[in-house]
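See below for the structure under consideration.
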Amino acid sequence: MIVLGIDPGSHVTGYAFLQQDSAKSMIQVLEFGAIKAKATDGLMARLGTICDQLEPRIALYAPQMVSMEASFYSENARTALVLGHARGAIMALCHRSRLGFCEFSPRSIKQAVTGSGAASKDRVARMMQAHLRLADLPGSNDASDALAVAWTFLTQNTIAHNTPTTSKAPKLKLPSISTNTKGLVANALPPGVDIQSLLMGTRKRKKR
């Protein structure tokens, strides 16, 4: 299993290719780093640069999956929109390469890597150096985050394997249902929840 980890961004995108042997006893680092677009370029040109540099690497390593850090909620609408463009461009590239797709929330990645969902980026980087036996710390937070999201997939693959390549259904905002903070898959509903009942309950509340 080879997985591509992505920490998406419109100026800098972190990437990491990790390989796990069939016995699942060793994770090998194939390549990792950060793709930096020119700050003076427009959004389209920056996303083009990122995809142009990712595409030959995908062809070289032929990963089966892409594991991406999920979107975070931002008070700045423009920031969220631009990040969405970057995610969409990378996801389209990976879809053309027939990669499977999964995503993890930033908190769940930190939890898997360090044992704390509130860990600092420096702590994540140091733990990835230890987990993957790297001689040096990753060169940037973008690279270490990409390593972390790829490592999270490989170590939590009993949950994430066989994720379909189609886009995920939108997250339902159901205030009466508590969030499953123990799960590692982003936007997962608690086990045993009847989604049809939830939808019917939501519609009744709207009518009132």
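For Asp122, the stated conditions hold: it is assigned to a helix (DSSP H, G or I), over 20 Å from Leu154 (Cα atoms), modelled with pLDDT under 95 and touching a helix residue (DSSP H, G or I) at 6+ places or on another chain (Cβ under 9 Å). Looking across Leu81, Leu60, one residue alone is modelled with pLDDT of 95 or more, aliphatic (A, V, I, L, M) and at negative phi. It is Leu60.
Residue check: Ser140 meets all listed conditions (1) closer than 19 Å to Leu83 by Cα; (2) touching a helix residue (DSSP H, G or I) at 6+ places or on another chain (Cβ under 8 Å); (3) not aliphatic (A, V, I, L, M) but one, namely (2).
The residues in the stretch 85-107 that are under 27 Å from Ala118 (Cα atoms), among the basic types (Lys, Arg) and without any contact (Cβ under 8 Å) to a residue 40 or more places away in the chain can be counted, and the count is 1.
If you scan the stretch 34-82, which residues turn out to be without any contact (Cβ under 8 Å) to a residue 40 or more places away in the chain, touching a strand residue (DSSP E or B) at 6+ places or on another chain (Cβ under 6 Å) and among the hydroxyl-bearing types (Ser, Thr, Tyr)? Selection gives nothing.
Among the listed residues Val3, Val29, which satisfies the condition of being touching a Leu at 6+ places or on another chain (Cβ under 8 Å) and either small (Gly, Ala, Ser) or surrounded by fewer than 19 Cβ atoms within 10 Å (Cβ to Cβ) (or both)?
On the way: Val3 fails: either small (Gly, Ala, Ser) or surrounded by fewer than 19 Cβ atoms within 10 Å (Cβ to Cβ) (or both).
Sole residue among the options that is touching a Leu at 6+ places or on another chain (Cβ under 8 Å) and either small (Gly, Ala, Ser) or surrounded by fewer than 19 Cβ atoms within 10 Å (Cβ to Cβ) (or both): Val29.
With the structure loaded, tell me whether Ala130 is small (Gly, Ala, Ser), over 12 Å from Val29 (Cα atoms) and assigned by TED's automatic domain parsing to the domain that holds Leu18 or whether it fails that test.
Criteria met by Ala130.
For the stretch 130-137, the count of residues that are under 14 Å from the mean Cα position of the chain (by Cα) and either surrounded by 19 or more Cβ atoms within 10 Å (Cβ to Cβ) or farther than 12 Å from Asp7 by Cα (or both) is zero.
When you check Ser67 against the structure, is it of a type in the set (S, T, N, Q) and at pLDDT 90 or above, yes or no? Outline the logic, then answer.
Values: of a type in the set (S, T, N, Q): yes; at pLDDT 90 or above: yes.
Considered against the rule, which asks whether it is of a type in the set (S, T, N, Q) and at pLDDT 90 or above, Ser67 comes out as yes.
For the stretch 52-86, name all the residues that are touching an Asp or Glu at 6+ places or on another chain (Cβ under 9 Å), surrounded by 12 or more Cβ atoms within 10 Å (Cβ to Cβ) and more than 10 Å from Leu4 (Cβ to Cβ). Across the stretch 52-86, the qualifying residues are Glu69, Ala70, Ser71. Each residue in the stretch 50-108 was checked for being over 16 Å from the mean Cα position of the chain (by Cα), hydroxyl-bearing (Ser, Thr, Tyr) and not in a helix (DSSP H, G or I), and 2 of them qualify.
The values are calculated or read from the model by the stated rules, or taken from the named source; none is laboratory data. Quick caveat, the model's predicted, so the values are computed rather than measured. Neighbour counts run over all protein chains shown; Cβ positions are idealised from the backbone, glycine included.
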